[in-house]
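Structure first, then comments.
Each reported figure results from applying straightforward, stated rules to the coordinates on display, with no laboratory input. Every value quoted in this text rests on a predicted model; they were computed, and no experiment measured them. Heads up, the Cβs are rebuilt from the backbone with ideal geometry, glycines too, and the neighbour counts pull from every protein chain shown.
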């Protein structure tokens, strides 16, 4: 039973696949470069708004976007069907922050040089809302999609999420703020005494987290957890479950 995907995981993966198929349409709304282009003109772009919403929603839903809705996440889970290699968590996770902080500073600088915010254009540089519509945008999309795939196939499961994702830090920061403020949010909870030490939760985690260890130390909070629920659904003893609660102190 533990090796059979639960209905929830089938639904989740189908949603991710659908979002991946929409990636050419959605790319500019998740683009780190387009937000800089808009800022240089004093324009708040769709990506600016989406990143802001990611931060707000992460206060209550953590990184559930990564686990359930991210097109890049869908691509990487497809890559895991080709090469299901575990990522070495903690080794390269810091890279995304090294990129993210200067990127934020550049955005602020661009808005400053443009004289502040002058306009809001959610569909900035899209063609009737579609991101990939000419040769230049196609080439850029192909490059980004290739980078995501190469990192996932080279470094392991969700390698891009761990190393270069510019969206993850927004949600990680939101989660940290939520925990600090003791806000009720979507979380994982576990009952250590029910664990039979099969370690399926760790083996099947798409983010390569040591979920078994998290259960044993009775701390299910991890900045790289995407709340996909895979550990819940593979556990034969229902040790792990979702809850909407404040963090345990």
q = 0.19 Å⁻¹, the stretch 7-178: log10 I(q)/I(0) [Debye, one scatterer per Cα] = -1.41
note = the chain, Gaussian network, Cα under 10 Å: of 224, 191, 77, the residue fluctuating most is 191
ask   = Okay, helix-only estimate at 222 nm for the chain: each DSSP H run of n ≥ 4 adds -39500 (n - 2.57), divide by all residues, round to 500 deg cm²/dmol; what do you get?
value = -16500 deg cm²/dmol
inquiry  = Running a GNM on the chain with Cα contacts under 10 Å, which residue among 174, 52, 74 ends up with the highest mean-square fluctuation?
reply    = 52
remark   = Ranked on Cβ counts within 10 Å of their own Cβ, fewest leading, 28, 124 go 124, 28
query = Hey, what's the Kirkwood Rh for the stretch 144-249 if you take every pair of different alpha carbons, in angstrom?
reply = 14.8 Å
query = Which angle between 0 and 90 degrees, to the nearest 10, do you get for helix 71-82 versus the longest principal axis of the chain when only C-alpha atoms count?
reply = 50 degrees
query = Efficiency by 1/(1 + (r/R0)^6): what FRET value for residue 106 and residue 134, r their Cβ-Cβ distance, R0 = 30 Å, to the nearest 0.05?
reply = 0.75
ask   = Relative contact order, percent, of the stretch 7-178 when contacts are C-alpha pairs under 8 Å separated by at least 6 residues?
value = 38 percent
query = Which whole number of Å³ per residue matches the convex hull of the alpha-carbon atoms in the stretch 82-197?
reply = 212 Å³
ask   = Arranged by the count of other C-beta atoms within 10 angstrom, fewest first, what order do 33, 128, 27, 112 take?
value = 128, 112, 33, 27
task = Would you mind classifying the stretch 84-133 by shape? Square roots of the alpha carbon gyration tensor eigenvalues, ordered a ≥ b ≥ c; an a/c under 1.5 is rounded, otherwise it is prolate if a/b is larger than b/c and oblate if not.
result = oblate
query = Any idea how far apart residue 41 and residue 84 come out in nm if each label point goes 7 Å out from Cα toward Cβ?
reply = 4.6 nm
remark   = Taking Cα atoms, the helix 7-21 axis meets the longest principal axis of the chain at an angle in degrees (rounded to 10) of 20 degrees
Residue order, fewest to most surrounding Cβ atoms within 10 angstrom, among 45, 126 = 126, 45
Rounded tilt (10° steps) of 95-113 against the dominant C-alpha axis of the chain = 30 degrees
remark   = At 37 °C and 0.692 mPa s, the Stokes-Einstein diffusion coefficient in µm²/s for the stretch 185-245, with hydrodynamic radius from the Kirkwood sum on alpha carbon pairs, is 292 µm²/s
key: Label zone at residue 21 (point 7 Å along Cα-to-Cβ), backbone N below 15 Å, the stretch 69-88   = 71, 74-75, 78
